[in-house]
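Have a look at the structure below, then the notes.
The values are calculated or read from the model by the stated rules, or taken from the named source; none is laboratory data. On a predicted model such as this, the values are computed, not experimentally measured, just so you know. All Cβ positions, glycine included, derive from the backbone under ideal geometry; neighbour counts span all protein chains shown.
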Amino acid sequence: MNGNPPPRITPPVKRWTSRSIGSRLQHRIFYTLIRLGGTCLAYAVLHGVVFYYMALRPSIREKTRFYLSKRFPRENALMRFMDSFRISVALGKVLIDRAKVGIRGPDAVTLSFPDERRLFDLLAEEKGVILMNAHVGGWQVILPALPLLGRTVNMLLERDAQDVDLHYFEHARLPHPFHIIDPRGFLGGSLEMMDALHRGEILCVMGDRVFGSDKNVIGIDFLGRPALFPFSAFNIASAIGTPVVVFFSHKSGLNRYVIDIPDIIRIPGGLGRSAEAFRPYVERFVRALEAYTRDQPYQFFNFYDMWA
């Protein structure tokens, strides 16, 4: 034996799906409630629907436990049930708000963005900007604000055919306001992403969701256990000199959301393709995500076993 530490082994990536839990009819009922009674009526019905799923569909409740068991590891059965109920209601409210924006218009919610000037300054560098979001807060509610930045917005997005929940622009029967890059495409869409950044455009990616090959992920400690995070966007940022903007949001009131930039990550060039070369930069994103879960523990909505 040479005394060297064993190499880190990354387990195979499980397949993720965006399939909706509710049926098309159930979604339409909520859309009708929004039109007839607004937010309060839809929220009231939501509590009953969530209680049904939490009490009678344990497989749905268990999906919330991947995260909650790490965030609140010392809870009894009643507290676990209440936490699952609370976080599911919070997600339901975000989805209702997203539909409300499409049905009633962008003015249906109020967005606060204290760091807006910083983002415009980065765009002025003409190297593009990578907005690295996560499944937190109102990541879908704030989308109408992105075209206001004055640049073409590209989104790395994979949508399941069984995802029946409408995006805000689909409610209003508007054309798609973003250019979609499918991660299932050639080279995971990396060439399209690089072309967009070379044009000085905005690229939106999810930093907590793994697509495609397990060669593009790295294990980082998150909430006390190693979890899998993608590093492809950091690789692209290194090659082009594009800043990675950690771009989170949270629901702060009945119709209010706040957009935050907790970190701006600049990755030097010439790092090669090794996952380990990008570990320090992925860790900065993960640390920002951990800080978010401390401040907003019930607004983390990645109900996928990142730790598997």
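Against the criterion of being of a type in the set (D, E, K, R) and at pLDDT 95 or above, Arg15 does not qualify. Being assigned by TED's automatic domain parsing to the domain that holds Val286, on the phi > 0 side of the Ramachandran plot, at pLDDT below 90 and not charged (D, E, K, R) is the requirement here; does Gly189 meet it? Criteria met by Gly189. Counting the residues of the range 261-308 that are in a helix (DSSP H, G or I) and touching a strand residue (DSSP E or B) at 6+ places or on another chain (Cβ under 9 Å) gives 18. Please work out if Leu78 is surrounded by fewer than 18 Cβ atoms within 10 Å (Cβ to Cβ) and modelled with pLDDT of 95 or more. Considered against the rule, which asks whether it is surrounded by fewer than 18 Cβ atoms within 10 Å (Cβ to Cβ) and modelled with pLDDT of 95 or more, Leu78 comes out as yes. Restricting the range 209-230 to residues that are in a loop (DSSP other than H, G, I, E, B) and touching a Lys or Arg at 6+ places or on another chain (Cβ under 8 Å), the residue that is surrounded by the fewest Cβ atoms within 10 Å (Cβ to Cβ) is Gly224. From the list Val89, Val49, the one residue that fits, being in the same structural domain as Phe30 (by TED's automatic domain parsing), over 22 Å from Thr293 (Cα atoms) and assigned to a helix (DSSP H, G or I), is Val49. Would you check if Met54 is more than 26 Å from Arg184 (Cα to Cα), among the hydrophobic types (A, V, I, L, M, F, W, C) and at pLDDT 50 or above? Yes.
When each of Arg80, Arg74 is tested for being under 24 Å from the mean Cα position of the chain (by Cα) and outside the structural domain of Met206 (by TED's automatic domain parsing), the lone residue that passes is Arg80. Of all the listed residues (Ser88, Ser112), the sole one being of a type in the set (Ser, Thr, Tyr) and in contact (Cβ under 8 Å) with a residue 60 or more places away in the chain is Ser112.
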